[in-house]
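The values are calculated or read from the model by the stated rules, or taken from the named source; none is laboratory data. None of these values were measured; they are calculated from a predicted model. Backbone-built Cβ (ideal geometry, glycine too); neighbour counts: all protein chains shown. All accessible areas refer to the heavy atoms of the entire protein, side chains included, with ligands and DNA or RNA removed. Shrake-Rupley method; radii C 1.70, N 1.55, O 1.52, S 1.80 Å.
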Amino acid sequence: MQLKAFTDSIVNSYSQVFFSKSRVFAFLIILVTFFDFYAGLSGLIAVAASNLAAILIGFNRLNIRSGFYGFNSLLVALGLGMYYEFNAELVLVLLFASLFTLLVSVMLEGVIGKYGLPYLSIPFLFGIWMVLLAAREYTSMEISQRGVYSLNEMYSLGGNWLVNLHEYLYSLPLPDIVVLYFRSLGAIFFQYHLVPGFIIAIGVLIYSRQAFLLSILGFVSAWVFYLMIGADINALSYSYIGFNFILTAIAIGGFFIIPSKWSYLWVILLTPLTSFLITSTSGMFAASQLSIYSLPFNLVVLMFLYILKFRERHYRKPEIVTVQHFSPEMNFYTKDNFRKRFDENVSINITLPFWGEWTVTQGHDGEQTHKNDWKHAWDFEITGEDGIYHSGSGTEAEDFYCFNKPLLAPADGWVEDILDGVDDNAIGEVNLDQNWGNTIIIKHADKVYTKLSHLKKDSFKVGKGDYVKRGDVLALCGNSGRSPKPHLHFQVQADPYVGSPTIDYPIAFHILNEIPSCKLETYSRPKIYDIISNIDINDSLHKAFHFVPGQKIQFRLTSDDEKYSGQVKLLVKADPYNNTYIHDEGGNAKAWFRTEAGMTYFTHFEGDRHSFLYLLFLGLYRSVSGYYQGLKVHDEYTLSIIISKTGMILQDFIAPFYTFLHADFEIEFLKMEDDLSGGKIGLRSLLTVRAGKRIRNAIDFRFDIDKGRIDKMYISTISANIEATWEEPDF
């Protein structure tokens, strides 16, 4: 492992105590641990030893770098470093205690991890309890006398300013609850003065406004509960064990669970349980003269996260974090944006199973056959310009526009079953004995199957067990089964059988052909008489927006801002999990995207927000590979990717309850000029940042698409005008 990665593993081990990867917070914690120099040194030795051992054994490098294998050893060493005199014997014990704690961490990662649960600070508890019990037999381990002259120690660490801060805080007429709150924060790192707790509180606030609020909520809830039941408030002062309420509140309120009114409510409801465990376990451990440390926090959090897995409904009251961003705010903003952009219940994007425009002649809860368990289905036909479904007299199946038309796979999958051999009906007649007629069922994922029915006899182009790609031709539209006239019956179901009940599942992307202009629908359920189609791919747009791993993109930038001048070189890549992204070869920036069904949309950005790639990400946040004059496509950005941290402070505090900031995206088709090269297309997109109805910022983008590439890009911001011109890649 490189030196930087090893350094990161040490720094992150400190911030991981609060479920954070904030370097500023980590350095504040390091400062606090060195309030007692030898305790701080002990912690540093243990973290380095633990992470080095993890590297040598060969554990996961990402986990090491993230600090997962170091923070428990840090806590063990801080406790031992405060309790014993620093000498060679203590260093020897620290090294082996760190190894023991590391092994316990990895063991619990396997044992508890298979249930999808974190091991929290359980390895710390095992480590410090075992060492403290064993050390009673070690005659070379001397109890420390440090801490008697705490002001001298502060002076030696930070000079007058630290001593003055200490004296100032103690001179303030602070309520007992505030003093105890600060001391409880410091006690997490075995520091029981006001100053360490005050610095930790600042660190929590810098790291996360939500974590700061939750820490207060957890502690105040405990204070109120103790008052209500007539318990001794001073019980919280015993080793300032009240930090259990703080850590529980942060873990449940915003880290492992998406911040919301429900997570806040559960923080309050779990407070009495944490109190019960503090009191009862303290009595149990008194006989062995051991502190319970963070045991109540671990038990309550693990118990609550585990029981949530047994829910059969109300999955968002509260909602477990599925993708961890190591920030309560980011957990909230990312999930909130995902809900606005996509359907969170959709595992596979299903598209329309045909080419061209078709009309919904029966939708969900239909008037004829879509009832009860089979109500979530659609019937489709093709209409002419006069609104009629057939030509001529309409007495023959061939008169109907949809008859004999090819039907397509709505997503990738395996052909689960085919029912063929049912004759097509004469117009007006139905086959009630073979209700579904000729049918194909495709498995796309667990519990996601699609069924196409009333198909033409002997028209299947695929066989049972075949793997099909989205858009592959399956069969032809017919008039078999309970079908008085040619049409397609289409449904999504959870089971692989003909006749299985339907499930309420949306069509991912389609064009709704309204008058006077069309509209892009995402994750919607077409309604009766809607005239709809898949996105009709324009070759030039498709080539311009269909980024392929290995593709090189190069622009020449000119601007009145020096940051946006010269060449920019971008390379399309894919990670080991086939997630695709564009990488700025000259800077530290990545823009993650997905392309499917005529749609390219960015999902995440990381890195330099002053890079050209960031502007490309903003301007092409969602693009359609079909040309529709006047079509406007709307979307919404993740707030934390658009607005600065300082600009988000107030929103961060109230995010779970009210969102007043919005970052909107709109892209519009302006013109298309046909020529021999395939057509020039003009697009305009707009980023608008709003606080309520007041616009705070806007960026205007214009694109010229020519010869299957982004020929020119014009960007107008408050501070600069930028022009990007396509160049043939030379790298």
Measure nothing but the geometry: give the 0 to 90° angle between the long axis through the Cα atoms of 23-33 and the longest principal axis through the Cα atoms of the chain, rounded to 10°. 20 degrees
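Mind listing which chymotrypsin sites (Phe, Trp or Tyr not before Pro) in the stretch 87-144 are in a DSSP loop and have 14 or fewer other Cβ atoms within 10 Å?
On the way: sites: 96, 100, 115, 119, 124, 126, 129, 138; in loops: 119, 138.
In loop regions of the stretch 87-144 (DSSP not H, G, I, E or B), the sparsely surrounded chymotrypsin sites (Phe, Trp or Tyr not before Pro) are 138.
In percent, what relative contact order does the stretch 555-627 have, based on Cα pairs under 8 Å that are 6 or more apart in sequence? Walk me through the intermediate numbers first.
On the way: 127 pairs, mean separation 16.0, N = 73.
Once divided by the residue count of the stretch 555-627, the mean separation gives 22 percent.
Got a sec? What order do 731, 256, 555 fall in by accessible area at 1.4 Å, biggest, i.e. largest, first? Before the final figure, lay out each step's value.
Working: 731 65, 256 35, 555 0 Å².
Sorted by accessible area, descending: 731, 256, 555.
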Radius 15 Å from Cβ of residue 311, net charge of other residues (Lys, Arg +1; Asp, Glu -1): +2
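Within the stretch 638-731, what whole-number % of the accessible surface is contributed by carbon and sulfur, with the 1.4 Å probe and all protein chains included in the calculation?
Details: 2570 of 4720 Å².
That share works out to 54 percent.
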Give the ranking of 531, 641 by solvent-accessible surface, highest area first, calculated with a 1.4 Å probe. 531, 641
Starting from the Kirkwood radius over alpha-carbon pairs of the chain, derive D by Stokes-Einstein at 37 °C in a medium of 0.692 mPa s and give it in µm² s⁻¹. 110 µm²/s
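Hey, can you find the accessible area per residue of the stretch 91-137 for me, probe 1.4 Å, expressed in square angstrom?
Working: 2130 Å² over 47 residues.
Using a 1.4 Å probe on heavy atoms only, each residue of the stretch 91-137 averages 45 Å².
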I'd like the accessible area for residue 137: 1.4 Å probe, protein heavy atoms, all chains in place, Å² to the nearest 10. 140 Å²
Distance between the C-alpha centers of the stretch 364-409 and the stretch 560-621? Whole Å please. 43 Å
Other residues with Cβ under 11 Å from the Cβ of residue 376 give, with Lys and Arg +1 and Asp and Glu -1, a net charge of 0
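Whenever you get a sec, compute what percent of the accessible area on the stretch 160-209 sits on carbon and sulfur atoms (1.4 Å probe).
Values: 1340 of 2020 Å².
Looking at the stretch 160-209 in its full context, I get 66 percent from C and S.
Residues of the stretch 1-84: accessible area per residue at 1.4 Å, in Å²?
On the way: 2960 Å² over 84 residues.
Heavy-atom SASA per residue in the stretch 1-84 reads 35 Å².
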Residue 470's amide H: which non-local residues (gap 5+, or another chain) put their own amide H closer than 5 Å, with H modeled 1.01 Å from N in plane and none for Pro or chain starts? 412
Want the number for residue 114 to residue 606: 0.36 nm per residue separation, take away the alpha-carbon distance, what's left? 174.1 nm
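Distances longer than 11 Å among the Cα atoms of the stretch 535-575: what percent of all pairs is that? Walk me through the intermediate numbers first.
Working: 588 of 820 pairs.
For the stretch 535-575, the fraction of Cα-Cα distances above 11 Å is 72 percent.
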Output the 0 to 90 degree angle, nearest 10, between the alpha-carbon long axis of helix 194-207 and the longest principal axis computed from the alpha carbons of the chain. 10 degrees
To make sure I understand the rule: partners must be aspartates and glutamates, Cα under 14 Å from the Cα of residue 573, and not fewer than 8 residues away in the same chain. Which ones qualify? 584, 585
Value of relative contact order over the chain, rounded to a whole percent, pairs C-alpha under 8 Å and six or more apart: 8 percent
How much of residue 369 can a 1.4 Å solvent probe reach, expressed as accessible area in Å² and rounded to 10? 60 Å²
Taking Cα centroids, how far is the stretch 235-303 from the stretch 642-708 in Å? 44 Å
Sort 529, 306 by heavy-atom solvent-accessible area, probe 1.4 angstrom, most to least. 529, 306
Under the rule of at least 5 residues apart or a separate chain, name every residue whose amide H is placed under 5 Å from the amide H of residue 711. 704, 705, 706
How far is helix 122-135 tilted, in degrees, relative to the longest principal axis of the Cα atoms in the chain, given as a value from 0 to 90 rounded to the nearest 10? 20 degrees
Suppose the chain between residue 176 and residue 139 were pulled fully straight at 0.36 nm per residue; how much longer would it get relative to their current alpha carbon spacing? 9.3 nm
Taking the dipole of the chain about the Cα centre (Lys, Arg +1; Asp, Glu -1; charges at Cβ), the one of 49, 687, 241 that reaches farthest to the positive side is 241
Quick calc: nm separation of the 7 Å Cα→Cβ label points for residue 23 and residue 311 -> 3.7 nm
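Per residue, how much accessible area does the stretch 259-330 show when a 1.4 Å probe rolls over the protein heavy atoms, in square angstrom? Present the calculation step by step, with values, prior to reporting the outcome.
On the way: 3750 Å² over 72 residues.
Result: 52 Å² per residue.
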